[in-house]
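Enquirer: For reference, the structure I am asking about is given below.
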Amino acid sequence: MVRLFQHQLPVVTLLRLVLEASFFFMAIIMGVMLHRRGLAPPYDVVPAAMLFSGVMVAAINLFGIYQRGPDSRPVGVAARLALAVIAGVPAAYAAFNFVPEGHAYQDALGLTIVIALGGMLVLRRGFLDSVDSKLFAHRVLVLGTGASARSVAEALAEMGGPALSFVGFYPLASAEKDAVPPERVLATTEALQATVARYRVNEVIVAVQERRGGVLPLGELLGCRLSGVRVTDLTSFFERTRGEFPIESLKASHLIFGEGFRQGRVRTVLKRAFDLVASLFLFVIFAPVMVLTAIAIKLESPGPVIYRQERVGARGRVFNILKFRSMRADAEHDGQPRWAAADDDRVTRVGRFIRRMRIDELPQLFNVLAGDMSLVGPRPERPYFVEQLTQQIPFYGLRHSVKPGITGWAQVRYNYGATFEDSVRKLQYELYYVKNHSLALDVVILIETIGVVLGGKGAR
C-alpha cells in the first residue's frame, strides 16, 4: 500500500493510474497526428496533453473504475467507463479552449477517444492484469474456522482472479463449531504474526462472531496492522466484495462511527433533479407501451387498470404506490396481505407478461414525479409486512432513511424475495445502498436493471 493524500492506495492501483495517465497523454498526440494525416501536433502539445490526461483520469476515478468491489463485474465496469467518457469528453473539449491551438485538439477528440479506450482495454487485459497477478498477488488469511469463515472463503472463491491467493484458515480457541475443510486449516505451531510473515500475507480477515473472553489475539492483530498487513472485519469484507451488510455481524457502533450513511443537502438536490429529468424522459419513451398495456388489461379482465396499494416510504411515511393491475380484481378478497408466490394463480395472462418485463412498474413514474419515490432505492414494502419485519430483523428501519425506488441494488443483486429469509438477504443489499448511494451508483443500477428485465430475473 502507498499513502497518497491521506489515503492508502494499493501499489497496483497506483501503477494502473500512472500508466493510464501516460497512455491518455500519448493518445491525444496520436489522435492529432492521425487527424492531421501525419503532420506533427502543435509545438506546445504538453499543456493540452497533460490537461486531457488529468481530466480523463479524474473522470475515471470519479466513477470508481479504479475500485475493486461488488460492482466491478464486467457490466458494472463497462457502465462506469461509459459514464466516465460521457463526463470526461465534454469537460476536455471545453478545457481545450484555454490552451494554445485548442481547436486542433477539439477536432481530433473523436479519434483520441477511440485510441484511448482501445488502448486501455489492451493495457488492462494484456499487461496490467498479468503484472497484477505476478508481482502484486494479494494473499489472504482468514482468522477463524466457523460458519463465518466458510462464508468468507466462499466469497473469495467467487471473486477469483489470478491476483488473489487464499492462504488458509488460522484457528482460534472459540466456541464456534468448525465448518471449514480441515486440510485448509493452518497449523498453530507459531503465533499469528509469525504465520502472517511466513506466508507473506497481505490481508487478515477476522471471521469470528463471538469475540468475548479474549478469543481474538488483539496484540497479534495490532502487530500485523503496524507491519503493513491489512486487517478487515466481516462487515467491511462483505461490503467490499458482495455489496451487502451481513446483519448477523452488524453492530450499531459500525453504523454510527463508520464512513457513509450521509444524507447531505447537495446529494438530495442532485438525486431529485436526476429523478425528475429521467422520469420525464422515461415517461415520454414508454407512453405508447403504457397505453397498450392499459387496453390489454381492460380487455382481459374486469376491474381497474391501475392498482393502488399502501406502501411505506422515506421516514416511515405511508403513500399509495401505483402499478398496472396484474392480478384478478379479487386477489385479496379476504383482506389478508400476502406475498406473491411463484406461478401465483391470481396473476392474469397479461399480468404475467407485464410482470416479467416489469411493465407493471411503469405507473410508478408518477410516484417519482410526485416525490414519494425515487428511480433508485430500496423497494417500498407494505405496512403490514414492515411492522412484522421491523420487529424481527435488526436495523430494518434503516432502509426508510432514503426514498424507496422503482429499482434498487437488491433488485439487480438478488432474486425476487417472498419469505422472511429473502427479506433478511435483501436488507443486507439495501443497507449497502443506503450507506454508499451516489449518482454514479444509481446510473449503474439503472443500466444493470435493463439486463435484469431482459433476462426476466426474479419476475413473479
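Enquirer: Under 5 Å between amide H atoms, partner at least 5 residues away or on a different chain: which partners does residue 381 have, H built in plane at 1.01 Å?
Expert: 312
Enquirer: For residue 327, enumerate residues with amide H under 5 Å from its amide H, sequence gap 5+ or separate chain, H modeled in the peptide plane.
Expert: For residue 327, whose amide H was placed from the backbone, the distant partners under 5 Å are 348.
Enquirer: Same structure, new question: Mind listing which GluC sites (Glu not before Pro) in the range 134-227 are in a DSSP loop and have 15 or fewer other Cβ atoms within 10 Å? Each step should come with its number before you reach the end.
Expert: Working: sites: 154, 158, 176, 183, 190, 203, 210, 220; in loops: 176, 190, 210.
When the GluC sites (Glu not before Pro) of the range 134-227 are filtered for loop state and at most 15 Cβ neighbours within 10 Å, 190, 210 remain.
Enquirer: Output wanted: per-residue J couplings in Hz (rounded whole) for the range 177-188, from phi through Karplus 6.51 cos²θ - 1.76 cosθ + 1.60, θ = phi - 60°, x for Gly and Pro.
Expert: Karplus-based 3J(HN,Hα) across the range 177-188 equals 6, 4, 9, 10, x, x, 6, 9, 7, 7, 6, 9 Hz.
Enquirer: Moving on. With θ taken as phi - 60° and the coefficients 6.51, -1.76 and 1.60, list the Karplus ³J(HN,Hα) couplings across the range 387-400 in order, rounded to whole Hz; mark glycine and proline as x.
Expert: Karplus-based 3J(HN,Hα) across the range 387-400 equals 4, 5, 5, 5, 6, 9, 10, x, 6, 4, x, 5, 5, 8 Hz.
Enquirer: Follow-up question, since we're still on this one. Can you work out ³J(HN,Hα) from phi for every residue in the range 143-150, in order, using Karplus 6.51 cos²θ - 1.76 cosθ + 1.60 and θ = phi - 60°, giving whole Hz and x for Gly and Pro?
Expert: Going residue by residue, I get 8, x, 9, x, 4, 5, 4, 5 Hz, with x marking Gly and Pro.
Enquirer: Contact order normalised by length for the range 138-242, with contacts defined as Cα pairs under 8 Å and 6 or more residues apart; what percent is it?
Expert: On the way: 162 pairs, mean separation 35.8, N = 105.
RCO, the range 138-242: 34 percent.
Any read-out appearing in this document is the output of simple, stated calculations on the displayed coordinates, not a laboratory observation. Predicted, not measured: the structure shown is a model, and the values here were computed from it. Every residue, glycine as well, gets a Cβ built from its backbone with ideal geometry; the counts of neighbours run over all protein chains shown.
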